[in-house]
Each structure stands twice: as C-alpha cells, then as structure tokens.
1. Go through segment 97-119 residue by residue and tally those that are in contact with a strand residue (DSSP E or B) (Cβ under 7 Å, 6 or more places away or on another chain) and without any contact (Cβ under 8 Å) to a residue 40 or more places away in the chain.
2. Scanning segment 1-34 for residues that are assigned to a loop (DSSP other than H, G, I, E, B) and at pLDDT 75 or above, which turns out most open to solvent (accessible area, probe 1.4 Å)?
3. Condition first: more than 21 Å from Phe137 (Cα to Cα), in a loop (DSSP other than H, G, I, E, B) and open to solvent by less than 40 Å² (accessible area, probe 1.4 Å). Now tell me which residues in segment 93-113 satisfy that.
4. Among the listed residues Arg90, Arg139, identify the single one that is basic (Lys, Arg) and surrounded by 17 or more Cβ atoms within 10 Å (Cβ to Cβ).
5. Determine whether Pro70 is over 17 Å from Leu106 (Cα atoms), modelled with pLDDT of 70 or more and of a type outside the set (A, V, I, L, M).
6. Is it the case that Val54 is closer than 22 Å to Arg97 by Cβ and modelled with pLDDT under 65?
7. Quick one: in segment 114-141, of everything that is in a loop (DSSP other than H, G, I, E, B) and β-branched (Val, Ile, Thr), which residue is modelled with the highest pLDDT?
Amino acid sequence: MFSDLMDLDDAHRYVADPLAGMDARYDLGDDHRFVATLCPDMKLTLERPDPDVVTAVNRSADLLREGCGPLLDLVDRVEARDAAAAWSGRVNTVTARSGRVDVDALLIRPDGLVAWALPTGQDLDATTLVRALGTWFGRPV
C-alpha cells in the first residue's frame, strides 16, 4: 500500500520532499508555488533542440549540467523566449513538453532553484522575468 501511495504525486511530495530538502522555500519576492523552491524533476520532450544545450536532455535536471540557467518554455511561449534573448550565453532557452499543466515557463538558477514562473495561461509580465534575469544572471548583453 505504501508503494502504491508513493506513485501518487501529492503523497510522494508529502513524504519525499522534506527528506530531499524540496520543501525549503526562500523569499525571492514571488508567491508562485514553484518560485524559491528546487525545480521539480520533470520528464521532457524537446520541441526545438538548442545547440547550446546538452543533447541528452530527458529530464529537467539534465538542463543544469551546462552550468547556465535554463529558461524552460513548456508551451512554446515566444514572448518569454524573446524577453530572455539578451541573456543568451548565461541563460539557455529550452522549449520542451512535459506532463505539467500548472506552469507555462520556468527560469531556473544553475543550482536548481526556480527564480521565476509563468502560471498556465497567464499573460507574460516581461518586467518580472527581466527583473529575475537581471538579479540572477547580471546585466543583459
């Protein structure tokens, strides 16, 4: 029964997240439930492989291998990718599909912490994304 419970996302998070430190939350000035927490590991299917991103990307954790911060675009939001273009070289923009339906895009720091999130279907406020990019990745090039 316990094994069956661990197959349920909510039960798994309830038991495993505190053990893995995934329940820690830092104040980054954004109240989205992913921001300021470690990025959940998601299975990914790349939509448009980027030559700057490692080709063996199957999970969101794979994006951290390059040492850059990934902007993970989960529903092909061109406006999010455009807003991050000035940070190329420090931020890898990756368009991929996942099973998530609660977020359209995530900016992830190189240490795996989510710095910004775009909730599903919400209009992009480029100011908040640019602020997060500037805070964590410096001035645009």
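1. The total comes to 3.
2. Met1
3. Within segment 93-113, just Ser98 meets the criteria.
4. None of the others qualify; the one that does is Arg90.
5. no
6. yes
7. Within segment 114-141, the match that is modelled with the highest pLDDT is Thr120.
The values are calculated or read from the model by the stated rules, or taken from the named source; none is laboratory data. All figures in this text were calculated on a predicted structure; none of them were measured in a lab. Here Cβ is always computed from backbone atoms with ideal geometry, including for glycine, and neighbour counts include all displayed protein chains. The accessibility values were calculated without ligands, DNA or RNA, using every heavy atom of the protein model including side chains. Shrake-Rupley method; radii C 1.70, N 1.55, O 1.52, S 1.80 Å.
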